[in-house]
């Protein structure tokens, strides 16, 4: 399951209890670079990375536009600042270089 992190990853947006109940495989934080609010909060980012692993937490300020693509069985992510990854099957395997 993909979790779109609430309120740009603010301090109160994603509790440990919530993550345990939802149990996502991937998390996406929609946040502007160098925003004045300090989002995402370091606590939330650390909580997500601790539960999902660094390779399964994506941020629009670091990864650019994030696009989810599926054929109904497999899920791919495409980034404007990274490559396209296959998230189903043999781990995260690069499939195709992003044009940007």
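Tabulated data for the structure shown
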{"quantity": "Average projected area [Cα convex hull, segment 1-62], square nanometres", "calculated": "3.6"}
{"quantity": "Residue 67-residue 6 FRET efficiency (beta carbon distance; Förster radius 25 Å; 0.05 resolution)", "calculated": "0.80"}
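A short reminder: the numbers here are calculations on the coordinates, not readings from a lab. Note that the coordinates shown come from a computational prediction; the quantities given were computed from them, not determined experimentally. Note: ideal-geometry Cβ built from the backbone for every residue, glycine included; neighbour counts use all protein chains shown.
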